[in-house]
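Quick notes on the structure that follows.
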Amino acid sequence: MTLTEPSAPAGRKLSTAKAMVEAIAQEMDRDERVFVLGEDVGSYGGIFSSTTGLLDRFGPRRVLDTPISETAFIGAAIGAAVEGLRPVVELMFVDFFGVCMDQIYNHMAKIHYESGGNVSVPMVLTAAVGGGYSDGAQHSQCLWGTFAHLPGMKVVVPSNPADAKGLMTSAIRDDNPVVYLFHKGVMGLPWMAKNRRSIGPVPEGDHEVPIGKANVVRQGSDVTVVTLSLSVHHALDVADELAGQGVDCEVVDLRSLVPLDTDTILDSVGKTGRLLVVDEDYLSFGLSGEVIARVVERDPALLRAPAARVAVPDVPIPYARPLEYAVLPTPARIRQAVLDLVGA
Amino acid sequence: MEAQGRLDLYRTMVLIRTYEEAILREYHADKKPVFDIGAGLVPGEMHLSAGQEPVAAGVCAHLTGDDAVTATHRPHHFAIAHGVDLDRMTAEIFGRTTGLGRGRGGHMHLFDPAVHFSCSGIIAEGYPPALGQALAFQRRGTDRVAVAVTGEGAANQGAFHESLNLAALWQLPVVFVVEDNDWGISVPRSASTCVTSNADRAAGYGIPGVRVEDNSVEAVHEAAGQAITRARAGEGPSLIEVHTLRLWGHFEGDAQGYRSDLDGVPGRDPLPTYENQLRASGDLDDAKVAGYQAAASERVEAAIAFAKESPEPDPATALDFVFARA
Ligand SMILES: Cc1ncc(C[n+]2csc(CCOP(=O)(O)OP(=O)(O)O)c2C)c(N)n1
């Protein structure tokens, strides 16, 4: 495996969406078995531009628009994968998983185990996650904790263009089912408020980011902020701001929930003694509790202060902007949590 | 049909179109020069129903507020035709405290229990709850009916098929309505199913099905009348598919680059078509048209003003309503 750190200098800049497409296209070039299917992945190019141009380039035999039949087409991807193809199948919004979850967690995720390791399911299930633009309770969730909770699928969530390419490449090459969740707010879409880091340098050619390796995106000595996806950018912005006030944050971008890079988290908390987990998924029974549990299980003495978390409280995502921003892990909430942790 | 019936259908269609044009205006007003879906007074996705007025007007003309309607992610035309409170619906779309859902739901999640109206952003998922509402009506010995609406794209979804089967089995007073506007976002009907009519699918579950071909409000009215009468009489479910028209994009901001039929679309607009028909039959003249339009504008602008004047929700209340209190 070629391990290329995305921080490696690279000349050109791409949006996260284009980086994703580039990875898929390169893998389709490289491997005849790779194909793409899902709703509106063809001439529309993916509602969030995750497949733009693929139909023109590879034709309808390898880029398949599907009916609105998630159980059938995700199940079909599973069957194709079992027979040795390598499908990339898009569930448009992760929120739609309810109509097809049986195929995902009772089939895609369990076949390898149930077959005693004799059958593998080398597929990638992609979906858009995240809120912040008033799309309401059925179109704004992250839900990565749900997939991570159920054994048998890797779960990756890129926060930037280089990782989007590298994680997609790794996901397609992985012999396991990989759930690849991309936040709309980091895709660099022209019709959505852009995070300034949603367009960034992306290595050309082969670029893998290993699944299960977190990235320390900012070094710091006072507080460890463990997070992923869009919240990484909020955390970095807060860290920059607080640096001026003498608070030095270390920011860990998890990049994947399964496997979870516990070592990197422990190393960081060992250094700072303080842990904040920021998660755009729901608070209870999820990623934030898991991260804290792993630290406490290893060595509660690592923590100089009780661990803290900023997540979506256990409420459906509200529609109205003031309500939605009251529950999202905004920079303001993150900043306050960091300040509370350092006792400022 | 009598003249008054025709004029009522026309008036409903005018109200719906006037409403959708006003929402279109408000939605885009503060999203210029660069379209940002999260910006402005009405953020988020917006699916408008212009072109599909005949379906809602024709079906809902047979309903009262005691009957139930479950609509889709494109709900406004059915909401209006079924008599959902227009002020509170508009306030919900604007995310205000006076909204149907106190700003929690938004345009795809409108609930008005006063007229048993609901909708959902998850495709085909309004079908199953309609069965339960019908079951409740049946159990109580009433002649009330539930109308469940989907698009033709949704007819490829599991919930659609399970619902037809169960409704037939239990002989529920449900009318399934399919709006075939030819497109499921960018996927044409021909790329999503090999059946030419969802009426054929109804037959597969032992349910009568009809397809109305020309987006004619009177033809919808006729077909819906038969289905609803059947349901009220305890004779079970039926399905109506209407070949209708998505006049605008799937959602606002959709450039429709994929769409091959756009040139002919304006000419198929059902509103001028019906207006001309009523003028030709002598039911409608300039004065009446102007009167209906003025009344609709007044009603719609009042609803928008109500929404804009209503307060935004207090962030401190964001966690309210997760559970009902005993
Ligand atoms: C279960 C599910 N899958 C996919 C979507 C995304 N989606 C929203 S509308 C739509 C197309 C619906 O087409 P159709 O049923 O024909 O209704 P129309 O939009 O044409 O009114 C799709 C695929 C969704 N909301 N829910």
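The values are calculated or read from the model by the stated rules, or taken from the named source; none is laboratory data. Because the structure is predicted, anything quoted here is derived from the model rather than measured. Using ideal geometry, Cβ is built from the backbone for each residue, glycine included, and neighbour counts are taken over all protein chains shown.
Return yes when residue B:87 is charged (D, E, K, R) and either within 16 Å of the ligand (Cβ to nearest atom) or in a loop (DSSP other than H, G, I, E, B) (or both) and no when it is not.
For residue B:87, the condition - charged (D, E, K, R) and either within 16 Å of the ligand (Cβ to nearest atom) or in a loop (DSSP other than H, G, I, E, B) (or both) - is not met.
For region B:112-130, the condition of being more than 14 Å from every other protein chain (Cβ to nearest Cβ), in a loop (DSSP other than H, G, I, E, B), away from the ligand (no atom under 16 Å from the Cβ) and surrounded by 21 or more Cβ atoms within 10 Å (Cβ to Cβ) holds for at least one residue.
Residues in region B:3-34 that are among the acidic types (Asp, Glu) and modelled with pLDDT of 95 or more: B:8, B:20, B:21, B:26. Condition check: more than 15 Å from the ligand (Cβ to nearest atom) and either modelled with pLDDT under 95 or not in a helix (DSSP H, G or I) (or both). Does residue A:32 satisfy that? In short, yes. Within region B:142-162, no residue that is farther than 22 Å from residue B:244 by Cα and within 14 Å of the ligand (Cβ to nearest atom) sits with its Cβ atom under 6 Å from a residue that is part of a helix (DSSP H, G or I) and acidic (Asp, Glu) at 6+ positions apart or across chains.
Total residues in region B:249-294 satisfying the condition of being within 16 Å of the ligand (Cβ to nearest atom) and of a type outside the set (A, V, I, L, M): the figure is 13.
Scanning region A:38-56 for residues that are crowded, with 20+ Cβ neighbours inside 10 Å and either within 12 Å of chain B (Cβ to nearest Cβ) or at positive phi (or both) gives A:38, A:39, A:40, A:41, A:42, A:44, A:45, A:46, A:47, A:48, A:49, A:51. For residue A:73, the criteria (1) free of Cβ contacts under 8 Å to residues at least 40 places away in the same chain; (2) surrounded by fewer than 21 Cβ atoms within 10 Å (Cβ to Cβ) hold in every case but one, which is (2). Entry remark, region B:267-277: residues being more than 20 Å from the chain's Cα centre (by Cα) and either loosely packed, with under 11 Cβ neighbours inside 10 Å or not in a helix (DSSP H, G or I) (or both) number 1 in total.
Each residue in region A:45-97 was checked for being more than 14 Å from the ligand (Cβ to nearest atom), among the aromatic types (Phe, Trp, Tyr) and assigned to a loop (DSSP other than H, G, I, E, B), and 0 pass. Is at least one residue of region A:139-162 within 14 Å of chain B (Cβ to nearest Cβ), within 16 Å of the ligand (Cβ to nearest atom), touching a helix residue (DSSP H, G or I) at 6+ places or on another chain (Cβ under 6 Å) and of a type in the set (A, V, I, L, M, F, W, C)? Yes, the conditions are met somewhere in region A:139-162.
Counting only strands (runs of 3 or more DSSP E) that sit completely within region B:172-258, zero hold 3 or more residues that are aromatic (Phe, Trp, Tyr) and touching a Ser or Thr at 6+ places or on another chain (Cβ under 7 Å). From B:79, B:56, B:50, which residue is in a loop (DSSP other than H, G, I, E, B), within 12 Å of the chain's Cα centre (by Cα) and surrounded by 20 or more Cβ atoms within 10 Å (Cβ to Cβ)? B:50 is the lone residue from the list that is in a loop (DSSP other than H, G, I, E, B), within 12 Å of the chain's Cα centre (by Cα) and surrounded by 20 or more Cβ atoms within 10 Å (Cβ to Cβ).
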